[in-house]
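The values are calculated or read from the model by the stated rules, or taken from the named source; none is laboratory data. From a predicted model like this one, the values you see are computed outputs, not experimental measurements. For neighbour counting, all protein chains shown are included, and Cβ atoms are generated from backbone atoms with ideal geometry for every residue, glycine included. Accessible surface is based on the protein model in full, side chains and every heavy atom, while ligands, DNA and RNA are left aside. Shrake-Rupley method; radii C 1.70, N 1.55, O 1.52, S 1.80 Å.
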Amino acid sequence: MFLGTGGAATAPSASSSNSQSPKITVVYPKDGQMVGAVDSTFILGSISPCTHREQWELTINGLPVPVHDSGGFLAFVPIAPGAFVFRLEVRPFGAGHADFQHRQKNPYEKNGGVAAACSVTVSVPMPLRSYGADTLRLGPEYRPPTGVQFMRSGDRVEAWFQATPGCRAWFGIPGVVDSVPMAETDPRTQAYWGEAVFGLGGVPDTLLIKGIYSGFYDIPPGVRGDSVRLRYFLAPPDLSDVRARMLVTPRGRELDSILSGCLKMDSTAVLTDSSTWKVSLNDPAFPVAVRFDDSVLIVRHAPVRGYLTIAQPRGVEAMAVGRSGDWYKMQLSRSQFGWVHDTSVVVLPKGIMPPVSYLRSIRTTSDSEAVRIEFPLTGKHPFRVIADDRRTLRLQLFGVTTDTDWIRYDAKDSLIDIASWGQPEEGLYEFKVTLIRDLWGYDTYYVGSTLYLQINRAPSDIKDLKGKIIVVDPGHSRDPGSIGPTRYTEAEANLGIALELRKQLQDAGATVVMTRSDTTHVALYDRPVIAKQANADLFVSVHNNALPDGVNPFVNNGTSSYYYHPQSIGLARAIHARMVERMHLKDHGLYSGNLAVLRPTQYPAVLVECTFMLLPDQEAALKTDEFRRKAAEAIKDGIEDFLRSYEDGNR
């Protein structure tokens, strides 16, 4: 899932005259690659020909590495920052033992017993280090923004940089403010998301950074700044302050180091630098209305950060009040803000206002497939749907004010228990609906300027697979996904399991729609479209896993399942339980994952990571009919468990 495809580093045999001379193929990492790891990472590949694990002995940087019967190998090797070299050497099994030469002639004796060798050089980034206390040094900015930051009164300008610990620091905004104090923070951890999510969560103490300074300036009304860079300043610590601290704080290495550094520095020295980014304060270009120009636009909490709301249709309008680089900041209500990329919106002429709606009445209609709740508005507003639990939905409408006197229920409907509305704050209307049965799925869409919240019913005869429309998605296609030690691709492995799953589901009476049935390329965002067009009851995406750089695959492996929306967690749990039970693999976890194929809301959707491609024994198993049959059977049985539990829980 996370392992890059990489390139193969192939070693020629040491003796071309011997037809059995081995060849080393390194699948990952590829030569010259940047490896995003801390102190260790994995390397995988294969040796061929190889008929059994005792044919060849492999060492990587002198460490013995087991070789699978398939020839595949995987090692987790210590690394160091800079240009790091993996040195791989292969010898005939037993060639290192003293009696080997007595038993047989070693054809590789002239090469020191080495039958084949190769090297792979990678680049390992240097982690941030704290600066010494005896030299005044103003280093780089700490996680700076990019581009021009268009900000207004009430916004906060933040400044961060790394420098010599224990010093005095401040910043200025030319033409606005000269001296804003900065203070040294507690030592900062360099976060490594791969280890935090898929590993044991540990971060080495060596990654703690001292000397990170921060400061902020709240923009007052009336000030103006036009694309100016911040000015950073750093001066040695005040010697009298250090001595005063020593009177109230027990002497320690840190204070001793600061005092020693003070005595070596020029007390009058001041270092200065400029920010890599600019600020424009109260620029007259803002506020300005924007119109969404993407069919499924996503609004985020911050630039390139988490999702605030998804699936915003083309034509929605909102007010942009600022900008950070390529991202517009939109004010959705009095206190709620969201960010959209500039390629997804069109800026409207100055003076145009986004729509303002006063919602007077709400109506529900129902049929055998869904309940539709109708919200007549005067324009297309941004919206957000929140599932508080599996029986409660809240629809937030931004830029809408309540004038609601009426909700008309469909008296024949048996899905909605009760609906209510409120106005939590100016510009934010909230509709809440409580269901009698667990949520199966929902959709939100505009017809003209009328918004519809469609709540889908569970399929009839829920207790079994007969008649259910199930979309099976073999992950990847043109993109091979993860690649195993012998270059077996995830795309191939996924398809093998998915085809077997289709057979078993069809035998149980389900209608199966495949996003692909062969090696035909299907784009990632086309897969949910196929499911929606098929009117899917359920969606299952089949994958096989790998890991980010630096996470130990011998400790962190197994089978795992992913969901995104609350209505999908029951399906994910049921399939995951069956996979752990049947596959006799480690439990690698049940995850909420923000993945493209899981974001649609119309049906329960899960993604299953059956096993790990990069482990030689598991890669070999993926090629067998037995493994495919067991995996497909576990997924099918998990779906049946979910359907039965849904019926039991909603009687």
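Spelling out what I want: for every residue of segment 308-321, take phi, set θ = phi - 60°, compute 6.51 cos²θ - 1.76 cosθ + 1.60 (Karplus), and round to whole Hz; glycine and proline get x.
Karplus values, whole Hz, x for Gly and Pro: 8, 7, 10, 6, 7, x, 4, x, 5, 10, 8, 9, 8, 10.
Rounded to the nearest 500 deg cm²/dmol, what is the calculated helix-only ellipticity per residue at 222 nm for the chain, with -39500 (n - 2.57) per DSSP H run of length n ≥ 4?
Working: 9 runs with 105 residues, N = 651.
Using -39500 (n - 2.57) per qualifying helix, the result is -5000 deg cm²/dmol.
Given a 1.4 Å probe and every protein chain left where it sits, what share in percent of the accessible area of the chain is carbon and sulfur? Don't skip to the answer; put the middle values down first.
Working: 14890 of 29110 Å².
Whole-percent figure for carbon plus sulfur exposure: 51.
What are the ³J(HN,Hα) couplings of segment 512-519, residue after residue, when phi is run through the Karplus curve with 6.51, -1.76, 1.60 and θ = phi - 60°? Round to Hz, x for glycine and proline.
Values per residue, Gly and Pro as x: 10, 10, 9, 6, 7, 10, 8, 8 Hz.
When only alpha-carbon atoms count, how far does segment 412-509 stretch along each of its three principal axes, as whole angstroms with the largest first?
60, 37, 25
Assuming R0 = 51 Å, what is the FRET efficiency of S368 and S153, from their Cβ-Cβ distance, to the nearest 0.05?
Numbers: r = 55 Å, r/R0 = 1.07.
So the FRET efficiency works out to roughly 0.40.
Step through the residues of segment 547-558 one at a time and calculate ³J(HN,Hα) from phi using the Karplus curve (6.51 cos²θ - 1.76 cosθ + 1.60, θ = phi - 60°), rounding each to whole Hz and writing x for Gly and Pro.
Each residue of segment 547-558 in turn: 9, x, 3, x, 8, 6, x, 6, 9, 10, 7, x Hz.
Under the 0.36 nm per residue contour assumption, what length would be gained going from the current alpha-carbon distance of D389 and T276 to full extension?
On the way: separation 113, 0.36 × 113 = 40.68 nm, distance 4.46 nm.
Full-extension gain reported as 36.2 nm.
What do you get for trypsin sites (Lys or Arg not before Pro) in segment 338-407 restricted to DSSP loop and a cutoff of at most 12 other Cβ within 10 Å of the site's Cβ? Walk me through the numbers on the way to the answer.
Working: sites: K350, R360, R363, R372, K380, R384, R390, R391, R394; in loops: K350, K380, R390, R391.
Answer by residue number: K350.
So between Y409 and L208, what do we pick up on full extension, going 0.36 nm a residue minus the alpha carbon distance? Display every interim value, and only then the final one.
Details: separation 201, 0.36 × 201 = 72.36 nm, distance 5.88 nm.
Stretched out fully, the Y409 to L208 stretch lengthens by 66.5 nm.
Can you order the peptides 413-421, 225-233 by their average number of other Cβ atoms within 10 Å per residue, highest first?
Working: 413-421: 14.7, 225-233: 18.1.
Order by mean packing, descending: 225-233, 413-421.
If exposed means no more than 14 neighbouring beta carbons inside 10 Å and the site is in a DSSP loop, what's the longest run of the chain without any exposed GluC sites (Glu not before Pro)? Let's see the in-between values first.
Values: sites that count: E54, E369, E426.
After excluding every exposed loop site, the longest remaining stretch is 55-368.
Under a 5 Å amide H to amide H cut-off, with H placed in plane at 1.01 Å, what residues pair with T601 once short-range neighbours are removed?
none
Go ahead and run the numbers for FRET between D625 and I436, Cβ-Cβ distance against an R0 of 35 Å, rounding to 0.05. Please report the intermediate quantities before stating the final value.
Values: r = 45 Å, r/R0 = 1.28.
Efficiency, rounded to the nearest 0.05: 0.20.
Determine the percent antiparallel among the DSSP beta bridges restricted to the chain, to the nearest 5.
Bridges in the chain are about 80 percent antiparallel.
Pick the calculated semi-axes √(5λ) of the Cα gyration tensor in Å for this structure from (i) 65, 41, 23; (ii) 50, 28, 22; (iii) 48, 45, 19?
(iii)
Full extension from R651 to D479: what is 0.36 nm times the residue separation minus their Cα-Cα distance, to one decimal in nm?
Values: separation 172, 0.36 × 172 = 61.92 nm, distance 4.43 nm.
The R651-D479 span can extend by a further 57.5 nm.
Give the long-range amide H neighbours of K329: residues separated by 5 or more places, or on another chain, with amide H under 5 Å away, using H modelled in the peptide plane at 1.01 Å from N.
V321, G322, R323, S324
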